[in-house]
1. What's the number of the only condition in (1) outside the structural domain of Q446 (by TED's automatic domain parsing); (2) touching a residue at least 60 places away in the same chain (Cβ under 8 Å) that S305 fails to meet?
2. If I filter segment 324-333 for residues that are of a type in the set (D, E), within 12 Å of ligand 1 (Cβ to nearest atom) and either touching a Leu at 6+ places or on another chain (Cβ under 7 Å) or touching a residue at least 40 places away in the same chain (Cβ under 8 Å) (or both), do I get at least one hit?
3. Return the residues of segment 9-37 that are among the β-branched types (V, I, T) and open to solvent by 40 Å² or more (accessible area, probe 1.4 Å); say none if nothing qualifies.
4. Select from segment 383-405 the residues that are small (G, A, S) and open to solvent by 60 Å² or more (accessible area, probe 1.4 Å) and write down the one among them that is nearest to ligand 1 (Cβ to nearest atom).
5. Is one or more of the residues making up segment 406-417 within 12 Å of ligand 2 (Cβ to nearest atom), open to solvent by less than 60 Å² (accessible area, probe 1.4 Å), under 27 Å from A451 (Cα atoms) and under 30 Å from the mean Cα position of the chain (by Cα)?
6. In segment 85-128, how many residues are under 37 Å from the mean Cα position of the chain (by Cα) and of a type in the set (A, V, I, L, M, F, W, C)?
7. Counting only residues that are within 14 Å of ligand 2 (Cβ to nearest atom), assigned to a loop (DSSP other than H, G, I, E, B) and among the acidic types (D, E), how many does segment 425-471 have?
8. Given the conditions (1) modelled with pLDDT under 75; (2) surrounded by 15 or more Cβ atoms within 10 Å (Cβ to Cβ), and given that H281 satisfies all but one, which numbered condition is not satisfied?
Amino acid sequence: MQSQRILLVDDEPVLLEVCREGLIEKGYAVQTANNGAEALDILEREPFELVISDIRMPRLGGLDLIKEIKHRRLDTSVIVLTGYGTIENAVECLQQGASEYLLKPFDFSRLISKIEKVFEERRLKRYDSEVGGLLHILSLERELSMELDEPGLLKKFLHHVKKTFKPTAMAYFTPRNGGMDPFFTLGSFFKEPGTLRWFEQMAGSVANSAQPRLVDPANGVGSNVTKQLGLVGVSAMAAPLNAFYEKDGVLVVVRDARSENPRTSAFGLSDLQLFTIFAAHAGSAAGYHRSCRRIQRMNVEFITSYVQAVEAKDTYTKGHSERVRDISLQLGQALGLGQAQLDDLGAAALLHDIGKIGIPDEILNKPNALNFHEQKIMRRHPVIARDILAGVKSLHPILPVVYHHHERYDGLGYPDGLSGEAIPYLARILQVADGFEAMTSNRAYQQARDAHEALDILQAGAGKQWDPAIVNAWAQAIENDKSSHVTSKSAAAG
Ligand SMILES: [Fe+2]
Ligand SMILES: [Fe+2]
């Protein structure tokens, strides 16, 4: 393991040497400086986990050294060493960010226990920020994977960025005519044209280099221009974000670096790292969703042609599945289903009778009522459908909907005799749509009824064959939309 690095700062050469030797013996990597100014030079060149510093020194004292470390945002803890005369200064050092102080003269073992305490605190802090970052990433990943459309994805992503980084303003820049344009801005910060132009240019350089950037006027990054614009104290992060709305762009978040609260003051490198992971993750989620939608579209086309092939066996039910899908979706919308459930319902409706491929033609096309034996065979179609679809992993979520589409609300249906709410909700919606479509189209054994006659039968069977709440919703939907294309189309099918 690499030794922990300590910088010893004192203008007393003897004390410096004694401490140096003792700490090296304890396994630390140690360097020394004779005053604060020398210490800063060394800290600018290489990182140290800990600075142990005297307070009274020529050129630059301990208190000013701590202030500079804070101002330059160096990731270094400080222990101050102080004589009795400077105890007030030691307290001020603690207020400015020193972790511990030790009164001179001190016992070496006391120094070691203070050092160990500081290193333990650093370990805990690092653990917290690593675990915190990981938790943020995991929760972002979980939420983004649940979103099915791009606006939803963008909304969730921005919500997470706000929650995690607490910016005072945000903007998304996308390329246009060789430059960058704001696709959207949040917060009043970007309203000022000069500010907006400056960030457009900065976004351009982030897009060209494909590298994230920390804009930190306090440390001189972009300070010339930001001073002119009156943006003193502004801290910002910019990261490339791929693929939202087919546009690659750059997301910028801004915070007021002068805030007293470290959680809402200037962004640091660890924030930039997390922000970059967020942006990369959101970009790949957007890309993934687009691919999924493409595959879904292909699936639906493939399924539709397969269903048409199945229905070609049964002259009387041509177009049944597509009409059941249309009715199911209209009913699903009336019931307030979300997009993901509507997608499942649509696919299940399209596929619900696919098991008929395993039913002999003479039974499917029999013009008279089926006898007991034929009925038994016909009733196998949900089981056959489940067995066929089980081979397609992406269709697993809809298997129960297809399998249970002939259950009845009173428990007298098949294949499992489930009743009431034990029947999957989407299957109960599909049952109403299936029944309505069957009644409003010509079948081998019946002439089509009109929509109102079919609705009467549904209402008479509510609570027996069908879920009463869903029948009600369908009655309401027809009532609300008397000229509905579904009802007129269904009625026209008769
Ligand atoms: Fe069926
Ligand atoms: Fe059906």
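1. For S305, the exception is condition (2).
2. Kept after step one, since they are of a type in the set (D, E), are these residues of segment 324-333: 326.
If we keep only those that are within 12 Å of ligand 1 (Cβ to nearest atom) too, we end up with none.
No, because not a single residue in segment 324-333 is of a type in the set (D, E), within 12 Å of ligand 1 (Cβ to nearest atom) and either touching a Leu at 6+ places or on another chain (Cβ under 7 Å) or touching a residue at least 40 places away in the same chain (Cβ under 8 Å) (or both).
3. At the first step, the residues of segment 9-37 found to be among the β-branched types (V, I, T) are 9, 14, 18, 24, 30, 32.
Correct list: V14, V18, I24, T32.
4. Applying the first criterion (small (G, A, S)) to segment 383-405 yields 385, 390-391, 394.
Checking which are open to solvent by 60 Å² or more (accessible area, probe 1.4 Å) leaves us with 391, 394.
Details: G391: 20, S394: 22 Å.
My answer is G391.
5. Residues of segment 406-417 within 12 Å of ligand 2 (Cβ to nearest atom): 406.
Going one step further and asking which of them are open to solvent by less than 60 Å² (accessible area, probe 1.4 Å), we end up with 406.
Still in the running and under 27 Å from A451 (Cα atoms): 406.
Pick out the ones that are also under 30 Å from the mean Cα position of the chain (by Cα) and you get none.
Within segment 406-417 (the criterion being within 12 Å of ligand 2 (Cβ to nearest atom), open to solvent by less than 60 Å² (accessible area, probe 1.4 Å), under 27 Å from A451 (Cα atoms) and under 30 Å from the mean Cα position of the chain (by Cα)), the answer is no, since none of the residues qualifies.
6. 3
7. The number of residues fulfilling the criteria is 0.
8. Looking at each condition in turn, H281 falls short on (1).
The values are calculated or read from the model by the stated rules, or taken from the named source; none is laboratory data. Predicted, not measured: the structure shown is a model, and the values here were computed from it. Positions of Cβ are backbone-derived with ideal geometry, glycine not excepted, and every protein chain shown enters the neighbour counts. The protein model used for the area step is the full one, side chains on, heavy atoms only, and it has no ligands, DNA or RNA in it. Shrake-Rupley method; radii C 1.70, N 1.55, O 1.52, S 1.80 Å.
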